[in-house]
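Below is one structure, written out as structure tokens; the observations come after it.
The values are calculated or read from the model by the stated rules, or taken from the named source; none is laboratory data. Treat the numbers as computed from the prediction; the structure is a model and nothing was measured. Ideal geometry is used to build each Cβ from the backbone, glycine not excepted, and the neighbour counts take in all protein chains shown. These area figures cover heavy atoms from the full protein model, side chains too; ligands, DNA and RNA do not enter into them. Shrake-Rupley method; radii C 1.70, N 1.55, O 1.52, S 1.80 Å.
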Number of protein chains: 2
Amino acid sequence: MKVQVLYSGGKDSSLSAILLEPFFEVELVTCTFGLERSWENARQAAHDIGFPFKLVKLDPKTLDESIEVMLKFGYPRYGINLIHKEALETVAALGEAAFIADGTRRDDRAPMLNISEIRSLEDRTNIRYVRPLAGYGKSAIDALVREHLEIVEANSETLEKADYETEARSLMRDKYGEDVYHRIFPHKHIQSRVLRRFKHDEKVER
Amino acid sequence: MKVQVLYSGGKDSSLSAILLEPFFEVELVTCTFGLERSWENARQAAHDIGFPFKLVKLDPKTLDESIEVMLKFGYPRYGINLIHKEALETVAALGEAAFIADGTRRDDRAPMLNISEIRSLEDRTNIRYVRPLAGYGKSAIDALVREHLEIVEANSETLEKADYETEARSLMRDKYGEDVYHRIFPHKHIQSRVLRRFKHDEKVER
């Protein structure tokens, strides 16, 4: 059974893939609007933890729409959700796997589909959408990450990875300037990027 | 890292244990009020799928309270939730494992703790509560079960397993009679019991 996991190169989507690996044939899929080459970080991370990688292009119209939604609400949440929904729909439409997954957690607010959107996606496309981290809180995820992954954590402005915010932040800044950008994305947002996966005997030593 | 999985002998809690197995030291824990010996079915199923088993006694006062709650609402949901909460609290209080888990799914309504109850449990007891099936819908779970488990499914009145309903149904019937029993538990409720786990090469053959 093949699963395509939406992948950013961060610890959550990496851990999600690791939890699925014993039960599925896993392929990591990174979506890009083609504005930046930040997806290359995800490709590198996928290689470093040993999974096949695929790049999928999203319609740049969705990025424009997500920026408009962020400006309307004054914060990124629903704009990020719009991109996430489009990414899931686009990968599901490929028809290459019976399962699609992501690294969203129990305590996440965005990106996050609500249960109606999930059921709609599953009913329309016949895909099964699974969220391996949906039943894990922060402390449990941290414990599993410590066992399996070496990561670097930093502010999202300095750390290159490939989550949806990277291209959205960049376009927002270019199109509306520094002031608007800092109004919409005011907080320091600590992001992770995966460096490598511990081998089994390393885990035991730790 | 040790996890104690609340276990009924059914397909959900069995699949939950299987999903955790590559990442945790798994022990299956069945809770009983001591009214019936239905827990023996869970012990047998645990043996059949190859996990260590532990029996934990719950205070029968909780069963009486859950029956009262069911009668107040006219349906079992909140009474079942009360028992589930007590089971999680009791196993967490043992202090034998850093993690506790169950087989509750994305689409379940009961038993189910809400997010405040989960955070309260984690904060008070320092345990991490994980729900491996929280991100899986019915179709995804069915697909995984077909790969890993041989099960028998039947109406819960005829199938002996060890979920919370078994003792609650029995006490309700004894204490309040057939009419009240059928008012609270009117529906045919299809339950599963695990017979055995497929070996790896069997899976490949299928």
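Residues that are touching a residue at least 40 places away in the same chain (Cβ under 8 Å) and in contact with a Lys or Arg (Cβ under 9 Å, 6 or more places away or on another chain) within the stretch A:26-45 comprise A:Glu27, A:Val29, A:Thr30, A:Cys31, A:Thr32, A:Phe33, A:Ser38, A:Asn41, A:Ala42, A:Ala45, listed in sequence order.
For every residue, the table says whether it meets (1) modelled with pLDDT of 95 or more; (2) touching a Leu at 6+ places or on another chain (Cβ under 7 Å); (3) open to solvent by less than 20 Å² (accessible area, probe 1.4 Å).
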site	(1), (2), (3)
A:Val3	yes, yes, yes
A:Ser13	yes, yes, yes
A:Phe24	yes, no, yes
A:Ser38	no, no, yes
A:His47	yes, no, no
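Residues in the stretch A:88-119 that are touching a residue at least 40 places away in the same chain (Cβ under 8 Å) and either within 20 Å of A:Gln191 (Cα to Cα) or in a strand (DSSP E or B) (or both): A:Phe99, A:Ile100, A:Ala101, A:Asp102, A:Gly103, A:Thr104, A:Arg105, A:Pro111. Within the stretch A:55-97, being open to solvent by 50 Å² or more (accessible area, probe 1.4 Å) and closer than 27 Å to B:Ala134 by Cα holds for A:Arg77, A:Tyr78, A:Leu82, A:Lys85, A:Glu86, A:Ala93, A:Leu94, A:Gly95, A:Glu96. Of the numbered criteria (1) in a helix (DSSP H, G or I); (2) surrounded by 13 or more Cβ atoms within 10 Å (Cβ to Cβ); (3) out of contact with any Lys or Arg (no Cβ under 9 Å at 6 or more places or on another chain); (4) not hydrophobic (A, V, I, L, M, F, W, C), the one A:Gly177 fails is (2).
Reported count of residues in the stretch B:98-117, each being more than 12 Å from every other protein chain (Cβ to nearest Cβ) and crowded, with 18+ Cβ neighbours inside 10 Å, is 1. A:Ala46 meets each of the listed conditions (1) of a type in the set (A, V, I, L, M, F, W, C); (2) more than 27 Å from B:Phe24 (Cα to Cα); (3) out of contact with any helix residue (DSSP H, G or I) (no Cβ under 7 Å at 6 or more places or on another chain) apart from (2). For the stretch B:120-131, taking the residues that are among the hydroxyl-bearing types (Ser, Thr, Tyr) and in contact (Cβ under 8 Å) with a residue 12 or more places away in the chain, the one that is nearest to the other protein chains (Cβ to nearest Cβ) is identified as B:Tyr129.
Of the residues B:Thr125, B:Thr166, B:Thr158, the single one that is crowded, with 18+ Cβ neighbours inside 10 Å and of a type in the set (S, T, N, Q) is B:Thr166. In this structure, B:Glu153 does satisfy being away from chain A (no Cβ under 14 Å), open to solvent by 50 Å² or more (accessible area, probe 1.4 Å) and within 17 Å of the chain's Cα centre (by Cα).
For the stretch A:57-81, the set of residues classified as of a type in the set (Asp, Glu) and more than 22 Å from A:Val91 (Cβ to Cβ) consists of A:Glu68 only.
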